Amino acid sequence: MGSTAELAAAALMMLGFPVLMAAALVPSVYAFAAAAAVTYLADHYLHRKGSYLVNRLSKVRAGLSIRFLIRQLLLILLLARMDLSNGLVFYGAIACFIAFYGLQAPHGALVTLIRNRRRMPVATRNVDLKSRIRIPDAPPRALLDRSAEKMLHLDLAAVVGLLVSAVTDSTAAGFAGIGITLGLGCLYVLVLMPYVRGRKTPPDADTVLAAVDDWLADYRPGTVLYFSGSKDSAYQVNMWLETMEQLESRPLILLRERVILQSLAPTTVPVICVPGGVHLMNMDLSTVRVALYAANVGKNIHLLRVPTMKHVFIGHGDSDKLASVNPFSKAYDEVWTAGRAGRDRYAIADVGVRDEDIVEVGRPQLAPIQSRQGVPDGRIPTVLYAPTWEGWDGNPGNTSLVLAGENIVKKLVKADPPVRVLYKPHPFTGTVSPEAGAAHRRVTALVQKAATARAADARFTADPAAQAAAQAELTRIETRLTELAGTGDDKRDEAEASRDDVVDLKKHEEIARLRTDWNDFYWQALPSYQHAVITGAEPRLYDCFNVADAMVSDISSVVSDFIASGKPYAVTDSAGLGAEEFKRANTAVRAAVILSNSAKELGGLLDAVRDPSADPLAADRDELKHYLLGPDEPTSIERFNGAVAALARKAETRNLGQEARIAAGDPEAAELAEALPGGKPRPASGEAESATAG
């Protein structure tokens with residue numbers, strides 16, 4: 001329903017219209033003017049906030065245009081009730097509002113036409129289109145941003161002028177207002193007209209697609225990351241961006257939905273968003289040898305049909321969930337998993353994926369996670385509590401927060417010898433379950449109370465000068481990051497963004513360096529003994545992994561990722577399955593300290609942190625890490641690059657075989673080549689270097 005302020009504004013606006021009618025019938029010009037002002041201001045506030053309530057009003061036949069029309073009709077009623085219906089200003093008002101609504105049609109049509117013509121058949125990032133085609137600047141944002149609201153508000157001049165005329169018995173103000181309203185309305189329409197024709201419109205679809213093919217021929221991508229999904233699934237492609245940047249073959253990211261492009265994290269990899277299936281199938285991808293898929297979705301078929309490249313399912317996580325053994329996976333040439341565990345899941349599930357088609361490549365995303373180094377002398381251990389959220393189904397096993405969270409934190413903050421507690425909740429915590437939200441607030445209060453007590457404890461001391469210096473550096477870095485983020489215009493339309501969004505490598509590298517420095521100074525500014533609640537995007541979860549000596553969490557990818565550190569960890573059996581059944585059902589907890597909801601088992605975790613010789617699960621963790629994620633050497637990115645290269649060779653071998661058949665006069669092979677996307681044979685390997693747009 002929106003915020004309390006939005007609800008109040010909507011109530012004022014809707015109550016204002018009955019007051020307008022009453023004021024018109026009485027009649028009272030001043031009451032009408034006051035009620036009109038309230039409805040105008042409330043309407044503007046709701047639109048500026050992008051309120052959900054505004055959209056709901058249109059569903060009950062109280063949309064924007066209707067609200068303005070009703071206000072204008074009530075003004076006509078007010079004039080009639082004041083015995084002004086025989087005056088010229090009364091007929092002028094009627095003519096004005098009829099003409100004003102007549103302007104809405106060309107105005108709306110022009111705005112729609114401009115937006116449609118500036119919508120490209122493909123949208124790009126880090127692709128040089130500027131040197132190939134001319135894409136003109138978009139109209140000023142003021143013309144198109146909330147254009148319907150702006151156009152309708154031009155009636156203010158006429159409304160004010162007519163009210164002044166009603167009070168003063170002078171027609172001058174009324175006709176002046178009418179003239180201003182109609183003049184501004186006509187001017188708005190005239191200003192928009194040049195943007196639907198001539199040099200102010202982007203090239204047509206064929207020209208844009210030819211330019212993209214021309215760029216592809218120059219760039220010659222070898223590996224494509226293909227993704228389709230909803231806005232909420234953008235994280236599934238974002239997690240692979242750094243891996244794509246490290247590929248030894250020329251990478252390319254292909255997206256199918258514009259909303260995903262808008263949610264894509266910054267990257268140096270070229271990105272092409274192709275919403276139309278026909279456009280994608282006609283795109284010249286003749287140099288691509290490996291296609292990577294991060295999700296199983298229906299639109300994958302548009303690229304899976306291309307036989308000149310090998311297709312790989314890489315997924316967006318590695319867990320015991322059913323999604324990790326989807327039967328659709330057998331549609332790909334290969335399935336890449338992190339370690340042996342992924343291979344075994346497919347064997348147990350028996351969904352048609354052959355063992356020889358599974359390749360273990362590790363998890364390149366886990367490279368920032370540092371291995372266990374032990375607790376340095378003079379520093380108390382740090383324990384991270386990172387529960388997952390409650391989920392959609394209300395299963396008590398989803399999160400430990402509701403049943404065990406307070407018990408876990410109480411035992412940690414009262415531990416003797418002491419430990420530091422970092423609490424980092426899942427960002428969705430409390431969005432479904434009020435109980436989870438309440439538990440989160442109680443746990444937050446516990447950690448903050450313990451932090452206050454520790455700050456006053458004479459046993460714990462910090463270096464104020466060092467902390468102040470670190471805080472000053474944080475402020476400096478944040479200021480610079482804000483400057484760098486503010487240099488781009490996030491409101492540019494699709495055509496301008498495709499033309500101009502080519503990554504500035506120096507800026508990209510500076511941002512990455514500053515974020516690393518920010519993380520270092522953040523931990524320097526926080527005393528190494530001090531408890532803390534960490535919310536928001538920064539510091540990231542992996543940064544918390546690196547400063548923690550142990551973790552308490554729930555069944556989620558957080559546990560699977562933390563295993564890469566080799567550090568002790570505990571997982572809460574909130575559903576009360578029992579330790580043996582809990583381990584049998586969840587591979588990632590086989591080397592964990594299993595906690596009941598009372599958290600009485602926490603002592604085993606703390607003993608393992610304080611004294612590595614008292615860590616009976618250390619060998620099990622090493623074995624589980626290898627089983628889930630593969631060996632440490634060669635590194636995951638080296639294995640990933642090796643898998644890409646090996647599969648590219650297979651694709652090339654297949655393509656050379658087809659070319660040999662065509663050269664030998666095999667009619668079936670020639671017919672198949674003609675049927676490939678683009679309607680022409682793919683270039684031979686020797687010709688790939690000089691392939692042109694097609």
Filtering region 176-202 for residues that are assigned to a loop (DSSP other than H, G, I, E, B) and either surrounded by fewer than 18 Cβ atoms within 10 Å (Cβ to Cβ) or of a type in the set (V, I, T) (or both) leaves a count of 2
TODO: Using the structure shown, decide if S371 is among the hydroxyl-bearing types (S, T, Y), at negative phi and surrounded by fewer than 20 Cβ atoms within 10 Å (Cβ to Cβ).
DONE: yes
Within region 345-368, of all residues that are surrounded by fewer than 16 Cβ atoms within 10 Å (Cβ to Cβ) and among the charged types (D, E, K, R), the one modelled with the lowest pLDDT is D350
If we take region 380-495, then helices (runs of 4 or more DSSP H) inside it with 2 or more residues that are at pLDDT 95 or above and assigned by TED's automatic domain parsing to the domain that holds G603 are 405-413, 434-455
Among E671, E638, E633, the single one that is out of contact with any strand residue (DSSP E or B) (no Cβ under 6 Å at 6 or more places or on another chain), among the acidic types (D, E) and modelled with pLDDT under 85 is E671
By residue number, the members of region 539-565 that are in a helix (DSSP H, G or I), more than 23 Å from the chain's Cα centre (by Cα) and polar (S, T, N, Q) are N546, S565
Subset of region 221-239, residues over 28 Å from A210 (Cβ atoms) and either among the charged types (D, E, K, R) or modelled with pLDDT of 95 or more (or both), comes to K231, D232
### Message
L46 - would you say it is at pLDDT below 90 and crowded, with 20+ Cβ neighbours inside 10 Å?
### Response
yes
Flagged in region 74-84 as surrounded by 13 or more Cβ atoms within 10 Å (Cβ to Cβ) and either closer than 24 Å to S3 by Cβ or not basic (K, R) (or both), in numbering order, are L74, L75, I76, L77, L78, L79, A80, M82, L84
Taking region 248-297 and keeping only residues that are under 14 Å from L209 (Cα atoms) and touching a Cys at 6+ places or on another chain (Cβ under 7 Å), one is left with none
Matching residues in region 627-664 (exposed (fewer than 14 other Cβ atoms within 10 Å of the Cβ) and more than 35 Å from the chain's Cα centre (by Cα)) number 6
In region 111-163, anything crowded, with 16+ Cβ neighbours inside 10 Å, small (G, A, S) and more than 23 Å from V503 (Cβ to Cβ) is listed as S147, A148, A157, A158, G161
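Looking at T388, T444, which one is surrounded by fewer than 17 Cβ atoms within 10 Å (Cβ to Cβ) and closer than 19 Å to T535 by Cα? If you could, list the steps in order and put the result at the bottom.
Values: T388 fails: surrounded by fewer than 17 Cβ atoms within 10 Å (Cβ to Cβ).
Going through T388, T444 in turn, just one is surrounded by fewer than 17 Cβ atoms within 10 Å (Cβ to Cβ) and closer than 19 Å to T535 by Cα: T444.
Suppose we filter P202, P251, P270, P266 for residues that are out of contact with any Gly (no Cβ under 9 Å at 6 or more places or on another chain) and at pLDDT 95 or above; which single one remains? Please lay out each step first, then the result.
Details: P202 fails: at pLDDT 95 or above; P251 fails: out of contact with any Gly (no Cβ under 9 Å at 6 or more places or on another chain); P266 fails: at pLDDT 95 or above.
Step by step, each of P202, P251, P270, P266 is checked, and only P270 is out of contact with any Gly (no Cβ under 9 Å at 6 or more places or on another chain) and at pLDDT 95 or above.
Go through the residues of region 188-198 one by one and say whether even a single one is farther than 30 Å from V269 by Cα and touching a Pro at 6+ places or on another chain (Cβ under 6 Å). It would help to see each step written out before you state the result.
Keep residues of region 188-198 that are farther than 30 Å from V269 by Cα, which gives 188-198.
Among the residues that remain, those that are also touching a Pro at 6+ places or on another chain (Cβ under 6 Å) are: 189, 195.
The answer is yes, given that some residue of region 188-198 is farther than 30 Å from V269 by Cα and touching a Pro at 6+ places or on another chain (Cβ under 6 Å).
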Does any residue of region 59-73 turn out to be outside any loop (DSSP other than H, G, I, E, B), exposed (fewer than 14 other Cβ atoms within 10 Å of the Cβ) and of a type outside the set (A, V, I, L, M)? yes
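The values are calculated or read from the model by the stated rules, or taken from the named source; none is laboratory data. What you are looking at is a predicted structure, and each value in this text was computed from that prediction instead of being measured. Ideal geometry is used to build each Cβ from the backbone, glycine not excepted, and the neighbour counts take in all protein chains shown.
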